Amino acid sequence: MNQAAELEKLITNSDKKVVIIDDDPTGSQTISNLTVLTEWSIAALARELTEPGPGFFILTNSRSMPGEEAAAVNKEIGENLARASLMTGKDFIVISRSDSTLRGHYPAETEALKTALRNTLDYDFKCDVLIPFFEEGGRYTKDDVHWIVKQGKWVPVSETEFAKDPVFGYKSSNLREWVSEKAGWLKPSAVRSISLDDLRYGGPERVYKILTQDISTPIIVNAVTYKDLEIFTIGAMRAESSGYRFMYRTASSFVAVRTGAASKNLMGRGEIYKNIPKDRYGGLVIAGSYVNLTTRQLSKALELEWLKGIEVNVYKLLEPLDYEDYICQISQMVEDTIKTGNTAVIYTTREYIKGGPAANSLKLGEEISRGLVEIAKRIRANLSFVLAKGGITSHTIATQAFNITKARVRGQVYPGISVWEPFPPSSLQGIPYIVFPGNVGDENTLKEVLEILGGANESSNL
């Protein structure tokens, strides 16, 4: 049996649901036809465990939280998931999905999950397995170093703007050193890895042997192609079949391979709008991401004549006396734009406001997100689509502005950019919700995606 056939058979025959606990909504950027939940009650998790399909997402938005709060959320999810499993008799594996540029609460989240599942279900996790490979975004791991490839140039991730993140910054591109840096108690030499040679010459047998060694320290998985990831997954699933459990901390490419739900083709305009209600006006774009790439993308996109850029002054969102009047003013500008059939682009002041310590920076982000939510909630025009730019922004707008508690990932409009179909009770039922990560694409990508979604007055004719 060839490896592709074996992987397909392993996934088809698995009786374990894959539960992806995602720290922002962008983990669905490589898959199609999986469900995403933004709530995690025992009843909701029990329903999903018994639904057909290989797995589902639980979106926590924990990347926007302080570390202690993120750990508490993951502990609660672990406990609820365990109780749902006991109720239904359904087993599962966990993927803690996070950022391919290494931003997130590791190891706090994985430790909280392991503790909750160990205490409730007596699960014994062999070790953490880290896989930040994300081909669609040009993120590769080679010789234990994590790289970002831009325009053919391989750049160590520690030399990019992502490593300078005010909350999740780091110094190391070597993932052994990065784990040590984040864990604090583990020496780099104690962190193990599965090399490209292990994968390509040793195959799944070598992967199985490394994973099942009598050692519990974290393992780094090197990968520069999906083929590498598939070989690893076969070895890992063989180990799972032998009774071993692993705590996966990965980017979204592993999710696609492990669930077998990888998207095959990009969605075109006709498919995106297939189920949209009639009498639609323009679209709405909300850009909360402050990374330089988003700024460049906005500049290019606003060259389109049917887009109207509306800048939100974040200083006014932080001023209690002017807050309500300012929200009303911006909301009315957005409403008027959409009713003409044009697309309104709401974007925050482009410079990042530093809040000092990481916790203060997160608090500022919460206040700014609250303002964007209030603006979006007050829009009554019949939207043709909503596009949210930035992982934290897309979660906050989805859950707080449009009450999305459950959605289906239909696929991608561009590599790494997902199209959701919200379910009731969301006010966006039938309206495409586009999740556009802050760190995906080049400076032209936002413009190109909006050209696919359509220009002035086109939406009203759908």
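Once backbone amide H atoms are built at 1.01 Å from N, SER263 has ILE31, SER32 as its partners under 5 Å, excluding neighbours fewer than 5 places away on the same chain. Computed from point charges on the beta carbon alone (+1 for Lys and Arg, -1 for Asp and Glu), the dipole magnitude for the range 269-461 about its Cα centre is near 540 Debye.
Taking the Cα atoms only, what angle lies between the long axis of helix 323-339 and the longest principal axis of the chain, rounded to 10 degrees? Between helix and principal axis, roughly 80 degrees. Under 5 Å from the amide H of CYS127 lie the amide H atoms of MET247, each residue being 5 or more positions distant or on a separate chain, with H modelled from the backbone and absent for Pro and chain starts. Volume per residue of the convex hull around the Cα atoms, evaluated for the range 269-461, comes out as 107 Å³.
Per-residue packing, averaged as other Cβ atoms within 10 Å, sorts the ranges 131-138, 304-311, 375-382, 76-83 into the order 131-138, 76-83, 375-382, 304-311, beginning with the highest. Eigenvalues of the alpha-carbon gyration tensor of the chain, scaled by 5 and square-rooted, set the equivalent ellipsoid semi-axes at 36, 24, 22 angstrom, largest first. Here the relative contact order of the range 101-211, from alpha carbon pairs under 8 Å that lie six or more residues apart, stands at 20 percent. Of the peptides 166-173, 341-348, the order by per-residue mean of other Cβ atoms within 10 Å, starting with the highest, comes out as 341-348, 166-173.
Each peptide in 100-112, 190-202 gets a packing score, the mean of other Cβ atoms within 10 Å over its residues, and the list from highest to lowest is 100-112, 190-202.
Ordered by the count of other Cβ atoms within 10 Å of each Cβ, fewest first, ASP99, ASP91 give ASP91, ASP99.
Partner aspartates and glutamates whose Cα lies under 13 Å from the Cα of LYS316, excluding those fewer than 8 positions away in the same chain, are identified as GLU324, ASP325, GLU367. Computed from backbone phi with θ = phi - 60° and the Karplus coefficients 6.51, -1.76 and 1.60, the 3J(HN,Hα) list for the range 46-53 is 5, 4, 5, 4, 9, 6, x, x Hz; x is used for glycine and proline.
When the range 269-461 is described by a simple charge dipole with +1 on each Lys and Arg Cβ and -1 on each Asp and Glu Cβ, the residue from TYR433, ASN382, ALA407 located farthest towards its positive end is ALA407.
Of all aspartates and glutamates in the structure, those lying under 17 Å Cα to Cα from LYS209, and not within fewer than 8 positions of it along the same chain, are ASP128, ASP197, ASP198, ASP228, GLU230, GLU240. Projecting the Cα positions of ALA223, GLY184, GLY416 onto the charge dipole of the chain (unit charges on Cβ atoms of Lys, Arg, Asp and Glu, taken about the Cα centre) puts ALA223 furthest along the positive direction.
The angle between the Cα long axis of helix 226-241 and the longest principal axis of the Cα atoms of the chain comes to about 60 degrees, rounded to the nearest 10.
Charging the Cβ of each Asp and Glu at -1 and of each Lys and Arg at +1, and nothing else, the dipole of the chain about its Cα centre rounds to 560 debye.
Note on ALA5 and ASP214: their simple-model spin labels are 3.8 nm apart, each label 7 Å out from Cα toward Cβ.
Put simply, the C-alpha atoms of the range 98-165 give a gyration tensor, and the ellipsoid matching it has half-axes of 30, 12, 9 Å, longest first.
To the nearest ten degrees, helix 108-121 and the longest principal axis of the Cα atoms of the chain are 60 degrees apart. For the range 3-259, the alpha carbon positions stretch 49, 42, 36 Å along the principal axes, listed from largest to smallest. Within the straight-line cut-off of under 19 Å between alpha carbons, the lysines reachable from LYS278 are LYS339, sequence neighbours fewer than 8 places apart in one chain being disregarded. Farthest towards the positive end of the charge dipole of the chain, among the residues ALA344, TYR208, VAL157, is the Cα of TYR208, using unit charges on the Cβ of Lys, Arg, Asp and Glu. Here the chain carries DSSP beta bridges of which approximately 35% are antiparallel, counting only pairs with both residues inside. Here the contact order of the range 1-101, divided by its residue count and restricted to Cα pairs under 8 Å and six or more residues apart, works out to 43 percent. Over 31 Å apart at the Cα level, from the set LYS300/LYS377; LYS182/LYS227; LYS142/LYS406, are LYS142/LYS406.
Considering only alpha-carbon pairs that sit under 8 angstrom and 6 or more positions apart, the relative contact order computed for the chain is 20 percent.
Read the figures in this text as sums done on the coordinates, not as results from a lab. From a predicted model like this one, the values you see are computed outputs, not experimental measurements. In this analysis, Cβ positions are derived from the backbone assuming ideal geometry, glycine residues included, and neighbour counts consider all displayed protein chains.
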